[in-house]
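Notes for the one structure printed next.
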Amino acid sequence: MHELSIALSIVEMAAGEAESRGGVRVNAVHLKLGQLSGVVKESLLFSYDLACEGTRLEGSCLVIEEITPVAYCPACRMERALDSIQRFCCPVCGGLTPEILQGKELEVVALEISDEHATASGRS
C-alpha cells in the first residue's frame, strides 16, 4: 500500500510548512489526483487519517480533486478527455492518443490554515 508512504510525505510537507509559518494550524490539505496516477483515492484518504495521528495535522482533512485524463488526438488535432483509463483512444474519431496531457497528477495545491495564536486570543 504505497498510499501510506504518500500520505506520510504529504503530512510531513504540510507540517513543515505550518512550522515555517510560525506554528499555524492546518485545517485541510488540497490535492490534485489524476486518475492515471496509480493512487487509489479511498486508500489515500484512509492513509492520510492514519498519517495525521499524533501530529500537528491531526483533525485536518484531505480534499482531493480528481483529474480526468486528457490526451492529444493527432488525427483531430484536438485535446480530448478520455472516456476510459483503460483505452487511450479519441472518443470522437477512435484514433490512438499516445500523448497524455493531464491525468497523472499527484500535487498538493493548497493548505487551509488558521493562526492558532489569533484563535486562542479571540476566546478570552
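For the reader, a short list of remarks on this structure follows.
- Beta-bridge orientation, the stretch 1-120: approximately 70 percent antiparallel, per DSSP, counting only bridges with both partners inside.
- Atom-type composition of the exposed protein surface of the chain places 50 percent of the accessible area on carbon and sulfur (1.4 angstrom probe).
- Taken over the stretch 62-112, the percentage of Cα pairs per 5 Å bin, counting from 0 up to the bin with the maximum distance, is 4, 22, 28, 16, 11, 9, 7, 3, 1.
- Two-site label geometry, Arg77 and Met13: point separation in nm, points 7 Å out along Cα→Cβ: 3.8
- The residues of the stretch 2-42 expose, per residue, 48 Å² of accessible area to a 1.4 Å probe.
- Note on the chain: Cα-only Rg and Dmax are 18.9, 66 Å.
- When the chain is described by a simple charge dipole with +1 on each Lys and Arg Cβ and -1 on each Asp and Glu Cβ, the residue from Ala15, Val108, Gly95 located farthest towards its positive end is Gly95.
- Using alpha-carbon coordinates, inclination of helix 2-20 to the longest axis of the chain, degrees: 50
- Crossing angle, helix 41-52 versus the chain [Cα axis fit, 0-90 degrees, rounded to tens]: 20
- Neighbour cut-off at most 13 other Cβ (10 Å), DSSP loop, GluC sites (Glu not before Pro), the stretch 40-82: Glu53, Glu58
The values are calculated or read from the model by the stated rules, or taken from the named source; none is laboratory data. Only a predicted model underlies this, so the values are computations on that prediction, with no experimental measurement involved. For neighbour counting, all protein chains shown are included, and Cβ atoms are generated from backbone atoms with ideal geometry for every residue, glycine included. Note: accessible area is taken over every heavy atom of the protein model, side chains too, but ligands, DNA and RNA are not part of it. Shrake-Rupley method; radii C 1.70, N 1.55, O 1.52, S 1.80 Å.
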